[in-house]
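Below is one structure; the comments refer to it alone.
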Amino acid sequence: MSRIGKKIIAIPAGVTVHVADRVVSIKGQKGELHRAIHADMALETKEGSIAIAPREASSKKAAALWGMSRTVIANMVAGVTNGFEKVLEFEGIGYRANLEGAALVLQLGFSHPVRFEAPKGITFSVVKNTITISGIDKELVGETAARIRALKKPEPYKGKGIRYRGEVIRRKAGKKAATAGT
């Protein structure tokens, strides 16, 4: 039995949940999200809560999907009420970021600027050497942050590149001067 899957999701005031043909629609003050749930999962909405259970208790696949399905729906509820954000920091001489409309224009030491278009539902904000990615879909916010980070991963010698806020980069020593031994 899934300990996470058994937990009931509380629906805050102002959030509406609608289930039709395995598609869960959750609408809140920040927006609306839709997600198809797996056929092995049964969703039950009660007054102010959502419960998820596998349709067949003996199915290994349903047991594996139970906790994940509950977490995905809980993240949808949290997203439409509070939203999610990831903060990226960049370090390096000449590394800059600017906003041009909804697009992010990055100077990352290449011969050309890198233009990154914001996916639908994602907003960027740039302050000094930080980029804040925000939206209501946790999966899309994380994926967008990972794609931006992949443009210039932090290198281990000087730490230059784009990294998540709070991420620790393991540093390498680099070349050492040869000692006169002979």
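Laid out as a table, the results:
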{"quantity": "Within segment 153-175: backbone nitrogen closer than 18 Å to the Thr130 label point (7 Å, Cα to C-beta)", "calculated": "161-169"}
{"quantity": "Over 32 Å (Cα to Cα) - which of Lys60/Lys120; Lys27/Lys61; Lys138/Lys160; Lys46/Lys138 fall in this group", "calculated": "Lys60/Lys120"}
{"quantity": "For the chain, calculated [θ]222 nm from helices alone, where every DSSP H run of n ≥ 4 adds -39500 (n - 2.57)", "calculated": "-6500 deg cm²/dmol"}
{"quantity": "Fully extended contour minus Cα-Cα distance, from Lys120 to Val105, at 0.36 nm per residue", "calculated": "3.7 nm"}
{"quantity": "Net length gained if the chain between Ala173 and Lys46 were fully extended (0.36 nm per residue, minus Cα distance)", "calculated": "39.9 nm"}
{"quantity": "Packing rank of 33-45, 79-91, 141-153, where each peptide gets the mean count of other beta carbons within 10 Å, highest leading", "calculated": "79-91, 141-153, 33-45"}
{"quantity": "Cross-link partners of Lys153 among lysines (Cα-Cα below 20 Å; sequence separation of 8 or more within a chain)", "calculated": "Lys86, Lys128, Lys172"}
{"quantity": "Matching label, mean projected area of the Cα convex hull in nm² computed from the structure shown, candidates [x] 12.7; [y] 10.3; [z] 16.8", "calculated": "[z]"}
{"quantity": "Rounded Å value of the spacing that divides the Cα centres of segment 134-148 and segment 69-92", "calculated": "7 Å"}
{"quantity": "4 °C / 1.567 mPa s Stokes-Einstein diffusion coefficient of segment 3-81, Kirkwood radius on C-alpha pairs, µm²/s", "calculated": "103 µm²/s"}
{"quantity": "Extension gain, Arg96 back to Lys6 (0.36 nm per residue minus Cα-Cα distance, nm)", "calculated": "27.8 nm"}
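Any read-out appearing in this document is the output of simple, stated calculations on the displayed coordinates, not a laboratory observation. Keep in mind that what you see is a predicted model, and the values were worked out from it rather than measured. Glycine also receives a Cβ, built like all others from the backbone with ideal geometry; neighbour counts cover every protein chain displayed.
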